[in-house]
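Participant: Provided herewith is a single structure, encoded as structure tokens, for subsequent inquiry.
Here, each number is a calculation from the coordinates, and none is a lab measurement. What you are looking at is a predicted structure, and each value in this text was computed from that prediction instead of being measured. Cβ atoms come from the backbone with ideal geometry, glycine included; neighbour counts cover every protein chain shown.
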């Protein structure tokens, strides 16, 4: 196994994911590290913060994208 990376992105929030995408598209071997169970940073994890407007994953999928996730697995988005 080759554990050598050109780019290591720490944090899978919106900015980290954009950096990882640009790195990978540029042909660089890219690794994203995330401490939380989900990627997305505040975009997906702020629902537990009092008085912070947000959508749950289910609401985001159905309202923003018209999707409905039914497999029983929790996805990142």
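Participant: Give the number of residues within the stretch 6-18 that are surrounded by 13 or more Cβ atoms within 10 Å (Cβ to Cβ) and more than 15 Å from residue 43 (Cβ to Cβ).
Facilitator: 2
Participant: Related question: Are any residues in the stretch 3-30 touching a residue at least 24 places away in the same chain (Cβ under 8 Å) and in a loop (DSSP other than H, G, I, E, B), and if so, which ones?
Facilitator: Those that are touching a residue at least 24 places away in the same chain (Cβ under 8 Å) and in a loop (DSSP other than H, G, I, E, B): 4, 5, 6, 11, 12, 13, 29.
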